[in-house]
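The numbers here are math on the coordinates, done by the rules we state, and not lab data. These numbers come from a predicted model, not from an experiment. Cβ sites come from the backbone with ideal geometry, for glycine too, and all protein chains shown count toward neighbours.
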Amino acid sequence: MTSSAKIPNQKEFLSRSMRRRLWLLFLLAPPVTVLIAFVFYPMATAILYSFYEWDGLIKGSFNGLGNYYNVLLKSPQNGYLLNAFTNNIVVFVTLMVVQNGLALVLAMFLAREPKGYRFYQVVFFLPVILSTVIIGFQWKMFLNPIFGLVNQFLRLIGFGEWALPWLGLTETALASMMVVNAWHWVGFPTIVFLAAIQRIPKDYLEAARLDGAGEWQIAKNIIWPLMAPAITIIVVLTFIGSFNWFEIPYIMGSLEGSPGYSTDTLGLLFYRTAFGSVSAGGSNFGEGSALAVLIFIFIFSISTLVTKFLTAREIQIN
């Protein structure tokens, strides 16, 4: 009786286990298919294309590392690459200091729960949900040297000499775009930092205040170290976003990184190289693919190293 009673239970267990596996397979199949179709397959083809010569859309003979040589060492391609890479570094450093610094200040302000702080949360985060294309066109109109709201406001308050063609000068074009990008995205790190601050046990803060610590000491010695996981996320995402920067300079400037390539980025350079432009001439899938592979290797390597370094410094809250 005992052995015969176990057999149906074992069959039922195997049946439930099989149903569970089929259900998991059903759930995982769509995202895995999307990843293969839109991530892994394009990556594999880009690597493959980078080893061949191309005549427009026609794949030519095997070229080995020739495309990589042209991108890295051949003039004028290497000059464009160095200029774009330098601009991306400037963008990353500026966004880290301005955008994320402002986000930390706003998060500290919201953490004190001032009157109407939930309204402020919505206001700060609202630009994040707007389309980057809309943001780019909107601010391109605002910065118009003739009828733009920025110059009109400067003239209204008596600073007419400050009214400049912001997107037409090499000295101000990139800075203007970075300000727009910071305005667009500052809400995201603000919310992340705010969540990290609110996660800190209030007992820690109250104990520090009872010991006579000031607000600056609390922020420096308690809040900042315990925010390490959030800081890791924001630093890595800012780095990836800065070296993938494409929409804002493309919409507010041009594919050529005008004026005078002062707003050129790796994203724009890749697009020009792969699909052609006035300066790059016809499309060159080989060199464009080589450039894409180099950008991917750089971003992946640095992101991995930075993540490991910052994660090792994190302080876990028990």
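For the listed peptides 191-197, 51-57, 261-267, a ranking on the average number of other beta carbons within 10 Å per residue, highest first, reads 261-267, 191-197, 51-57. Listing Met177, Met141, Met96, Met227 from fewest to most neighbouring C-beta atoms within 10 Å gives Met141, Met96, Met227, Met177. If you take the Cα centroid of segment 45-113 and the Cα centroid of segment 165-233, the two points sit 26 Å apart. By the combined test of axial Cα extent (at least 30 Å) and Kyte-Doolittle hydropathy (mean at least -0.5), the qualifying DSSP H helices of the chain come to 2-35, 285-312.
Dipole of the chain, Cα-centred, from +1 at each Lys and Arg C-beta and -1 at each Asp and Glu C-beta, to the nearest 20 debye?
Details: 20 positive and 15 negative charges, 272 e Å.
For this selection, approximately 1300 debye.
Computed from backbone phi with θ = phi - 60° and the Karplus coefficients 6.51, -1.76 and 1.60, the 3J(HN,Hα) list for segment 253-263 is x, 6, 5, 8, x, 6, x, x, 6, 6, 10 Hz; x is used for glycine and proline. Amide H contacts for Tyr52 (H built 1.01 Å from N in the peptide plane; partners 5 or more residues away or on another chain; cut-off under 5 Å): Asn63. Relative contact order of the chain: 24 percent, from C-alpha pairs under 8 Å at least 6 residues apart in sequence.
Both the radius of gyration and Dmax for the chain are 26.1, 99 Å, in that order, over alpha-carbon atoms. Evaluated over segment 75-312, the count of Lys pairs having alpha-carbon atoms less than 30 Å apart is 5 (only pairs 8 or more residues apart or interchain).
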